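To start, the structure itself, in structure tokens.
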Amino acid sequence: MSRLNLTLGVLAILLIAASAMIGTADLSADDLWSGLLGQTGPSSIIIWEIRMPRAVAAFVTGASLGLAGAALQGLLRNPLADPGVLGVSAFASLGAVIALYFGLASLTWLAVPLLAIGFSVVAVILLLVAAGPKGDTVRTLLVGIGLSSAGGAMIALALNLAPNPYSLADLMNWLLGSVSNRSWADIVLVLPVMALGLGIVLVAGPGLRALSLGDETAASLGARPGRTRALVIAGTSLLTGASVAIAGAIGFVGIVAPHIVRPFVRSDPARLLVPSALLAGVILLGADIVIRVLPFDRELRLGVAAALFGAPVFIWISARLTRGRL
């Protein structure tokens, strides 16, 4: 498992370096090296002020969503669980839209992340209530679809009632998901929230392993199912809310990464967490690099690219699970 984490970590570093070199103005390895060393010049400005913040934002957003997806899958005992599919991202986006629509974001920089996190907490609690003590898969998915639809409908209402075309364009651009034009200030804003969510979810890891055997068995082994659920609720809400606050709505990466990693960790929910986060960060970082080199007049939004890649994978996973039950 440590070898897997090391491999993914090295791959992430290589992709961050590639992201710093690739763009409208391609930079050589020498330019990258001189820019990283802090030598003054155009290459240093491009690397440190434009490309590195974008690359880091893409990676931490993907890592947060991958970790949240793996934690929700372990808690609900459902391989299709994901902040996007289950409506958590939609509710987090709704909270952020409310902050933007009513001008709360102009009053305090905490408005967007706080409302995004708060609404994601509500969504996760509703999912846990729907799942019940046995983690009913069908009921959870149906409630998640309902939450996603409700969140999307209220977001559409806000867009429909936008006071002017400029507000509508801002909301739409944000909802499509993107890490372009992100700064170090944006990363500093959400990174402590993501770090706190990471710590909470990792603490819940051993409890998730015990919960995979059922609540009664977990309790007999000394685990505390209620504490584990509370930790996962808090951790995934922080991770999802922070990722939405910095990148907007990004879907499916939280399903794809854990599904790819699961065979390498023998389906252990605790061991699944860290490599899922690393792989999801790598996937989103790679997707961001790809959309920057596509020959389009306007850059494809990262959320759109993630959906185009993730939706077919989600359908394939669902079909495979369905065949396994027949």
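Assorted remarks:
- Filter result for the condition that a residue is in contact (Cβ under 8 Å) with a residue 24 or more places away in the chain, part of a helix (DSSP H, G or I), out of contact with any Ser or Thr (no Cβ under 6 Å at 6 or more places or on another chain) and over 26 Å from residue 168 (Cα atoms), over 145, 125: 125
- Across the range 171-184, the number of residues qualifying as open to solvent by 40 Å² or more (accessible area, probe 1.4 Å) and within 24 Å of residue 24 (Cα to Cα) comes to 6.
- Count of residues meeting criterion [over 28 Å from residue 152 (Cα atoms) and of a type in the set (Ser, Thr, Tyr)] in the range 223-282: 2
- Residue 273 being free of Cβ contacts under 8 Å to residues at least 24 places away in the same chain, of a type in the set (A, V, I, L, M, F, W, C) and more than 30 Å from residue 100 (Cβ to Cβ): no
- Meets criteria (in contact with a Pro (Cβ under 9 Å, 6 or more places away or on another chain), more than 15 Å from residue 270 (Cα to Cα), open to solvent by less than 40 Å² (accessible area, probe 1.4 Å) and in a helix (DSSP H, G or I)) for residue 187: yes
One line per residue, one yes/no per condition, for (1) of a type in the set (Val, Ile, Thr); (2) in contact with a Pro (Cβ under 8 Å, 6 or more places away or on another chain):
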site: 76; (1), (2): no, no
site: 89; (1), (2): no, yes
site: 98; (1), (2): yes, no
site: 126; (1), (2): no, no
site: 149; (1), (2): no, no
site: 153; (1), (2): no, no
site: 159; (1), (2): no, no
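- Restricting attention to the range 228-244, the residues that are at pLDDT 85 or above and either charged (D, E, K, R) or open to solvent by 50 Å² or more (accessible area, probe 1.4 Å) (or both) total 0.
The values are calculated or read from the model by the stated rules, or taken from the named source; none is laboratory data. Keep in mind it's a predicted model, so treat the numbers as computed, not measured. Here Cβ is always computed from backbone atoms with ideal geometry, including for glycine, and neighbour counts include all displayed protein chains. Note: accessible area is taken over every heavy atom of the protein model, side chains too, but ligands, DNA and RNA are not part of it. Shrake-Rupley method; radii C 1.70, N 1.55, O 1.52, S 1.80 Å.
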